[in-house]
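The values are calculated or read from the model by the stated rules, or taken from the named source; none is laboratory data. Just so it is clear, the structure is predicted and the values come from calculations on it, not from any experiment. Glycine gets a Cβ as well: all are built from the backbone with ideal geometry, and neighbour counts include every protein chain shown. Accessible surface areas use protein heavy atoms only, side chains included; no ligands, DNA or RNA. Shrake-Rupley method; radii C 1.70, N 1.55, O 1.52, S 1.80 Å.
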Amino acid sequence: MIPPLPDHMLRQLGRTEGDSDTLHVLVRDQDTRRLLLLRALLDAAEAAPAAVCPPRSLDRLRQDWALLETAERADRTAVRTVLLHPLAGPWAQRCLRGLSGSGPVAGPGLRADLDHLSALAAAAAIRAGIPFTTRLTAHDGLLSLPTLGALRTASEAVDITFSDGDLSIRQEVGGPLSAHTQPDGTTGSADPRWLPVLALPAVQSGIGPVPLDDVDPYRTDGSGPQPHGLSAATHIDDHERKAWAESWTGAAPLLRVGGEHRLTEVAVLLRCLVPLGPPPGSGPMGESAAHCSGTRREAFGAVLSSKPATPAYFASTLVHELQHTKLAALGALVPLHHEDPEPRHFAPWRSDPRPFDGLLQGAYSHIALADYWQRFALSARRVTHRDLAWAEHARCREQVGAVLPVLAGSAALTREGRVLVNEMITLYHRLDDCPPPTGHLARAEAYVATAKVIWQQRNGPHRP
């Protein structure tokens with residue numbers, strides 16, 4: 001049995017806050033689930049028929065697991081950095097579905113997924129400083145070492161040797177190359193075939209940098225066009241890396257504008273950023289402020305985002321998406337409601353009907369944004385910045401106000417869900433202490449009213 005979350009923590013989370021102790025409760029639960037998932041993967045491989053997991057593949061999985069255990073005995077923290085990397089979650093779930101027969105039919109796809117454990121084990125051993133020699137398999141012209149980088153290669157089989165911080169790579173096609181590890185956990189190489197993962201500076205002392213991961217093969221689900229305005233993952237060049245780093249540096253002090261808890265969220269919850277391309281339909285880079293971002297429940301700690309136009313929007317993107325991370329983790333720890341999953345509710349931020357859980361998720365993230373932009377507006381010195389912040393605040397607040405009655409009126413909320421929603425309502429009314437200028441409020445009200453009319457025309461007036 002999972003012990004109930006203390007009410008004072010629930011109330012913090014309901015206000016879209018959460019101190020370090022509260023957030024670490026969510027993190028510990030998610031980390032435990034990840035390690036159990038990895039153990040279940042190995043058990044599923046042992047139980048799978050030979051047609052699904054051939055003896056050679058099973059032997060390799062056992063060897064990889066043994067290397068992970070050796071590395072963990074040497075440096076547990078280093079190994080957990082790899083195994084708890086957000087993008088290892090989607091990979092593990094894909095493998096488990098394939099091995100259990102609930103995913104794609106066994107074949108090259110499953111074999112490629114199982115090969116990835118070798119890359120994870122190698123990356124963990126490198127981080128732990130364990131010398132080894134192994135042969136890895138590249139797929140689609142790329143050999144990824146999770147959290148470290150990737151090799152562009154025309155070879156399928158790649159031999160790597162690691163010792164004393166140096167990584168030597170030999171391949172069937174193309175000459176050898178070398179890379180080296182650095183004190184901050186990143187890698188470097190003079191060879192352009194090696195694509196290191198960029199490390200963004202920590203927002204607080206005592207924590208590690210945040211990887212900007214544009215090489216991990218599991219950073220998106222690879223199922224084709226992304227839904228609801230999300231673009232596909234992208235590789236970024238040196239110029240784009242510099243732009244991301246500059247925007248990140250500017251975002252950190254702006255997070256503090258929203259309260260110390262916003263920096264704490266990033267420090268505790270954010271484990272990697274995945275760069276996305278510009279949103280579908282947007283103009284050339286630099287000509288549009290269009291932006292898209294998202295999270296994946298199976299990739300706890302990852303935020304996927306196109307490059308925000310300004311540091312202020314970067315900060316607000318992190319506020320927005322980390323609420324999804326936080327609420328999904330809370331919902332996994334304690335049930336918040338027993339509503340059915342039918343998509344039938346109006347949400348002003350989406351054109352399609354939403355299930356109750358999606359409505360709760362959206363309202364939670366938008367009320368955090370309303371709070372953030374209000375604080376930003378009250379602290380802004382420049383009129384243009386203040387006007388932008390008030391406009392964002394007013395829109396988000398009106399959007400939340402349109403759906404809070406549905407959330408509050410649900411008879412299917414659990415006790416914990418009721419505490420959460422009540423605190424959201426308290427925060428919503430607290431925002432009234434500093435209302436936006438009249439013009440911004442009127443435009444926000446008109447925006448939400450228009451969104452509802454369009455939604456009803458599209459989805460039918462019979463829907464609530």
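Has the stretch 110-127 got at least one residue that is assigned to a loop (DSSP other than H, G, I, E, B) and open to solvent by 10 Å² or more (accessible area, probe 1.4 Å)?
no
Going through (1) among the acidic types (Asp, Glu); (2) in contact with a Gly (Cβ under 8 Å, 6 or more places away or on another chain); (3) not in a helix (DSSP H, G or I) one by one, residue 321 falls short only on (3).
For beta carbons closer than 6 Å, sequence separation of 6+ or different chains, a first residue in the stretch 18-43 that is within 20 Å of residue 324 (Cβ to Cβ) and free of Cβ contacts under 8 Å to residues at least 24 places away in the same chain and a second that is of a type outside the set (D, E, K, R) and assigned to a helix (DSSP H, G or I), the qualifying pairs are 22/9; 22/12.
Residues that are under 16 Å from residue 13 (Cα atoms), part of a helix (DSSP H, G or I) and open to solvent by 10 Å² or more (accessible area, probe 1.4 Å) do occur in the stretch 364-371. May I ask you to verify whether residue 312 is open to solvent by less than 20 Å² (accessible area, probe 1.4 Å), in contact with a helix residue (DSSP H, G or I) (Cβ under 8 Å, 6 or more places away or on another chain) and closer than 24 Å to residue 432 by Cβ? Taking the combined requirement at face value, the residue satisfies it. Specify the residue that is nearest to residue 274 (Cα to Cα); the eligible residues are those in the stretch 177-191 that are open to solvent by 30 Å² or more (accessible area, probe 1.4 Å) and in contact (Cβ under 8 Å) with a residue 12 or more places away in the chain. Among residues in the stretch 177-191 that are open to solvent by 30 Å² or more (accessible area, probe 1.4 Å) and in contact (Cβ under 8 Å) with a residue 12 or more places away in the chain, the one nearest to residue 274 (Cα to Cα) is 184. If the requirement is being modelled with pLDDT under 90, of a type outside the set (A, V, I, L, M, F, W, C), closer than 16 Å to residue 148 by Cβ and open to solvent by 30 Å² or more (accessible area, probe 1.4 Å), which of these qualifies: 228, 235? Result of the check over 228, 235: 235. The numbered conditions (1) touching a residue at least 40 places away in the same chain (Cβ under 8 Å); (2) open to solvent by less than 70 Å² (accessible area, probe 1.4 Å); (3) within 23 Å of the chain's Cα centre (by Cα) are all true for residue 209 except (1).
Every condition in (1) within 26 Å of residue 5 (Cβ to Cβ); (2) open to solvent by 20 Å² or more (accessible area, probe 1.4 Å) holds for residue 435 except the one numbered (1). Filtering the stretch 128-151 to residues that are surrounded by fewer than 24 Cβ atoms within 10 Å (Cβ to Cβ) and under 28 Å from residue 51 (Cα atoms) leaves 134, 135, 136, 137, 138, 139, 140, 141, 142. Of all the criteria given as (1) open to solvent by 40 Å² or more (accessible area, probe 1.4 Å); (2) in a loop (DSSP other than H, G, I, E, B); (3) in contact (Cβ under 8 Å) with a residue 12 or more places away in the chain, the one not satisfied by residue 170 is (2).
Counting the residues of the stretch 403-424 that are more than 21 Å from residue 329 (Cα to Cα), assigned to a helix (DSSP H, G or I) and open to solvent by 40 Å² or more (accessible area, probe 1.4 Å) gives 2.
Take residue 288 and decide whether it is open to solvent by less than 30 Å² (accessible area, probe 1.4 Å), assigned to a loop (DSSP other than H, G, I, E, B), within 20 Å of residue 316 (Cβ to Cβ) and at pLDDT below 90. In short, no. Residues of the stretch 134-151 that are more than 18 Å from residue 84 (Cβ to Cβ) and in a loop (DSSP other than H, G, I, E, B): 138, 140, 141.
If you go through the stretch 173-192 and pick out every residue that is in a strand (DSSP E or B) and of a type in the set (Gly, Ala, Ser), you end up with 3. For the stretch 53-68, a residue qualifies if it is of a type outside the set (S, T, N, Q) and open to solvent by less than 90 Å² (accessible area, probe 1.4 Å), and the qualifying residues are 53, 54, 55, 58, 59, 60, 61, 64, 65, 66, 67, 68.
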